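Undergrad: My questions all concern the structure below.
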Amino acid sequence: MSTVDELATDVAGAVGAVIARQVDADTAFADLHMDSLDYAEINVSLSEAYAVRLPEGAVREAGCVRELVRMIRAQVEARA
Amino acid sequence: MRGRRVVVTGVGIKTAAGNDVDTLWKNLLAGTTTARRLPAEKGWAPDADTGCLVPAFDTDPYASARDALRMDRCSLLGLSAATDAVLDAGGMRVAPERRAVVVGTAHGGAQSQEQAHAARPDRVAGAPKALHIPLSMFNASAAWISMKHDIKGPSLCVTTACASGTQAVGEAFRMVKYGIADTALAGGNEAAITPLNLLAYLRSGSLSPSGEGIERTPCPFDRRRNGFVMGEGAAFLMLEEMEQATARGARILCEVTGYGCTSDAFHISAPEGSGQGPLRAMSQALAEAGLAAADVVHVNAHGTGTRKNDEVESRSLADMFGDFRIPVTSTKGTTGHLMGAAGALEAAIAALSVERCLIPPTAHFSRPDDDCRIDVVHDTPRQLAPGAVLSNFYGFGGHNAAICLVPYPHATAPKSQRAA
């Protein structure tokens, strides 16, 4: 599996692609004026990319890329 | 009920023949060909790989990068053309609640639909993007235009195949005429050039097969016509109540005076052979305008370039006006067939014809057909005499529509009402 930093870069890229903005690991989602469609699209995008199942509301609750990375890694490691 | 007078005060277009009105007009007058072989990477079927694509343009003035990600190309073209129409008119200067938007489309977010299916043919119902519905829904562009231009009155989508754009203009005309709105954006948008759609139209016998001589296709009303070439694009007209427009000193291109729509009630794709449906639509439009056939000086025809449409349409025109009696053009030779947006584009072109007193030629017309007993304007533009102009459209499913436009201000009384 990718290192945490590599994964954070990839996830930040995926989040940024949805909202057409540059995002880093600690950018607070609350500052990005995202709406429910953005959160849903990020959820779909990450679930597809990493073959994980993020519950509804997980992205909003995560609040930033670093926390999303933690959730994704936890699922991937549990599966392994 | 008499209603109010309605004028056109702005036009915006995005087409293969130009992304602004003057470029489009120049190409129409020159009879420029825009049909091209499509970029190979999409996997087009043999004989179904020709289309008229809108040249790249800067979308930043029309939509933020984030909003653009939420739009199918159809909506992006529509929003851009609608915004151009608003700018051309000098803004929408009425309260948001008195504004309306009516948009025609035949295929909606077709590219998004097809991309979603192509990306995961084994999981069509499994994991679509969360954005899939906003991208693909037919009413998306009406919604985007309402948001961008603060339109809080009616926001509608009309979908009646190729007649969609004409009916969008007609329905918006009625909204302004009867006081439902004071200003309306009326138009159409389409971006349906996809491998699936082109192959389906080819198999239905409507599409001109790609091959030698694509630079001379489509050729409406010509003896060698063999189908339409699909175009993409959008066109919008700003319609305003006349007194409001004159009070603010708006430039007025022409007046909209009549609208007719009828149904063949005959076949899901073929036109009924007598041409009575289109003839009744034209008659309704003229009756609403208080005019007679003798007052019409030009028809911007549907003229798709299919064998059947052009034959039936010519019959209805000959029945209405007499054989070879009225100058007719089809601008699809230059722009391609914009499907649900075509009626709006050609209403806009008809409005420009009225304003500029010129009829653009029918590109690629060279061999008259005995089945088309009409005076086809070809090779060079022709001067337009003062009078009424009709824009006609017919769609799969037997939808017929016509719009009547007249110069503003009227130079003379209608010919039919003058003393002998």
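Read the figures in this text as sums done on the coordinates, not as results from a lab. Because the structure is predicted, anything quoted here is derived from the model rather than measured. Every residue, glycine among them, receives a Cβ derived from its backbone with ideal geometry; neighbour counts consider all protein chains shown.
Undergrad: Search the stretch A:1-23 for residues that are in contact (Cβ under 8 Å) with a residue 24 or more places away in the chain and pair each with any residue that is of a type in the set (Asp, Glu) when their beta-carbon atoms are under 7 Å apart and the residues are at least 6 apart or on different chains.
TA: A:Ala12/A:Asp24; A:Val18/A:Asp38; A:Val18/A:Glu41
Undergrad: Could we say that B:Arg99 is in contact with a Gly (Cβ under 9 Å, 6 or more places away or on another chain) and charged (D, E, K, R) here?
TA: Against the criterion (in contact with a Gly (Cβ under 9 Å, 6 or more places away or on another chain) and charged (D, E, K, R)), B:Arg99 qualifies.
Undergrad: Out of the residues in the stretch B:312-328 meeting the condition of being among the hydrophobic types (A, V, I, L, M, F, W, C) and assigned to a loop (DSSP other than H, G, I, E, B), tell me which one is surrounded by the fewest Cβ atoms within 10 Å (Cβ to Cβ).
TA: The selected residue is B:Phe324.
Undergrad: Looking at (1) among the hydroxyl-bearing types (Ser, Thr, Tyr); (2) surrounded by 19 or more Cβ atoms within 10 Å (Cβ to Cβ); (3) assigned to a loop (DSSP other than H, G, I, E, B), which is the one condition that is false for A:Tyr39?
TA: With respect to (1) among the hydroxyl-bearing types (Ser, Thr, Tyr); (2) surrounded by 19 or more Cβ atoms within 10 Å (Cβ to Cβ); (3) assigned to a loop (DSSP other than H, G, I, E, B), A:Tyr39 is out only on (3).
Undergrad: Also, quick follow-up: If you go through the stretch B:208-253 one residue at a time, how many are of a type in the set (A, V, I, L, M, F, W, C), surrounded by fewer than 21 Cβ atoms within 10 Å (Cβ to Cβ) and not in a helix (DSSP H, G or I)?
TA: 2
Undergrad: Looking at the stretch B:172-185, is at least one residue more than 20 Å from B:Leu345 (Cβ to Cβ), crowded, with 24+ Cβ neighbours inside 10 Å and among the hydroxyl-bearing types (Ser, Thr, Tyr)?
TA: Yes, that holds for at least one residue.
Undergrad: Here's another thing I want to ask about it. I'd like to know if the stretch A:54-63 contains one or more residues that are in contact with a Phe, Trp or Tyr (Cβ under 6 Å, 6 or more places away or on another chain) and in a loop (DSSP other than H, G, I, E, B).
TA: yes
Undergrad: Of a type outside the set (S, T, N, Q), loosely packed, with under 14 Cβ neighbours inside 10 Å, in contact with a helix residue (DSSP H, G or I) (Cβ under 8 Å, 6 or more places away or on another chain) and away from chain B (no Cβ under 14 Å): is that true of A:Asp5 in this structure?
TA: no
Undergrad: Restricting the stretch B:42-70 to residues that are within 23 Å of A:Ile42 (Cα to Cα) and part of a loop (DSSP other than H, G, I, E, B), which is farthest from the other protein chains (Cβ to nearest Cβ)?
TA: Going through the qualifying residues, I end up with B:Ala63.
Undergrad: Right, here's the next one. With respect to B:Ala118, is the statement that it is touching a residue at least 40 places away in the same chain (Cβ under 8 Å), more than 14 Å from chain A (Cβ to nearest Cβ) and either of a type in the set (A, V, I, L, M) or in contact with a Gly (Cβ under 7 Å, 6 or more places away or on another chain) (or both) true?
TA: So B:Ala118 fails the test.
Undergrad: Yes or no: A:Ala49 loosely packed, with under 14 Cβ neighbours inside 10 Å, within 14 Å of chain B (Cβ to nearest Cβ) and aliphatic (A, V, I, L, M)?
TA: Taking the combined requirement at face value, the residue satisfies it.
Undergrad: Run A:Thr27 past the list (1) more than 19 Å from B:Leu131 (Cβ to Cβ); (2) within 13 Å of another protein chain (Cβ to nearest Cβ) and report the number of the one that doesn't hold.
TA: (2)
Undergrad: May I pose another question? Which members of the stretch B:305-329 meet the condition of being in contact with an Asp or Glu (Cβ under 8 Å, 6 or more places away or on another chain) and polar (S, T, N, Q)?
TA: B:Ser314
Undergrad: Of all the residues that make up the stretch B:80-100, how many are farther than 19 Å from B:Gly153 by Cβ and outside any helix (DSSP H, G or I)?
TA: Residues in the stretch B:80-100 being farther than 19 Å from B:Gly153 by Cβ and outside any helix (DSSP H, G or I): 1 in total.
Undergrad: Which numbered condition in (1) under 23 Å from B:Ala118 (Cα atoms); (2) surrounded by fewer than 24 Cβ atoms within 10 Å (Cβ to Cβ) is the only one that B:Cys157 fails?
TA: Checking B:Cys157 against (1) under 23 Å from B:Ala118 (Cα atoms); (2) surrounded by fewer than 24 Cβ atoms within 10 Å (Cβ to Cβ), the one that fails is (1).
Undergrad: Out of everything in the stretch B:140-153 that is in contact with a strand residue (DSSP E or B) (Cβ under 6 Å, 6 or more places away or on another chain) and over 26 Å from B:Gly398 (Cα atoms), what residue ends up being surrounded by the fewest Cβ atoms within 10 Å (Cβ to Cβ)?
TA: Here the residue is B:Gly153.
For (1) of a type in the set (Gly, Ala, Ser); (2) under 17 Å from the mean Cα position of the chain (by Cα), each residue gets a yes or a no:
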{"position": "B:Thr166", "(1), (2)": "no, yes"}
{"position": "B:Gly188", "(1), (2)": "yes, yes"}
{"position": "B:Leu196", "(1), (2)": "no, no"}
{"position": "B:Ser210", "(1), (2)": "yes, no"}
{"position": "B:Leu239", "(1), (2)": "no, yes"}
{"position": "B:Glu243", "(1), (2)": "no, no"}
{"position": "B:His267", "(1), (2)": "no, no"}
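Undergrad: Taking only pairs six or more apart or across chains, which ones have beta-carbon atoms under 6 Å, a first residue in the stretch B:370-393 that is of a type in the set (Gly, Ala, Ser), and a second residue that is in a loop (DSSP other than H, G, I, E, B)?
TA: Note: pairs meeting the criteria are B:Ala388/B:Leu291.
Undergrad: Among the residues of the stretch B:47-69, write down those that are surrounded by fewer than 21 Cβ atoms within 10 Å (Cβ to Cβ) and touching a residue at least 12 places away in the same chain (Cβ under 8 Å).
TA: Across the stretch B:47-69, the qualifying residues are B:Asp47, B:Leu53, B:Pro55, B:Phe57, B:Thr59, B:Pro61, B:Ala63, B:Asp67, B:Leu69.
Undergrad: Let me ask you something else. Here is a list: B:Ala192, B:Ala181. Which entry is in contact (Cβ under 8 Å) with a residue 24 or more places away in the chain, part of a loop (DSSP other than H, G, I, E, B) and touching a Gly at 6+ places or on another chain (Cβ under 7 Å)?
TA: Result: B:Ala181 is the single residue among B:Ala192, B:Ala181 that is in contact (Cβ under 8 Å) with a residue 24 or more places away in the chain, part of a loop (DSSP other than H, G, I, E, B) and touching a Gly at 6+ places or on another chain (Cβ under 7 Å).
This table checks each residue for (1) over 23 Å from B:Ser206 (Cα atoms); (2) surrounded by fewer than 19 Cβ atoms within 10 Å (Cβ to Cβ); (3) of a type in the set (A, V, I, L, M).
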residue: B:Pro278; (1), (2), (3): no, no, no
residue: B:Ser330; (1), (2), (3): no, no, no
residue: B:Leu345; (1), (2), (3): no, no, yes
residue: B:Pro368; (1), (2), (3): no, yes, no
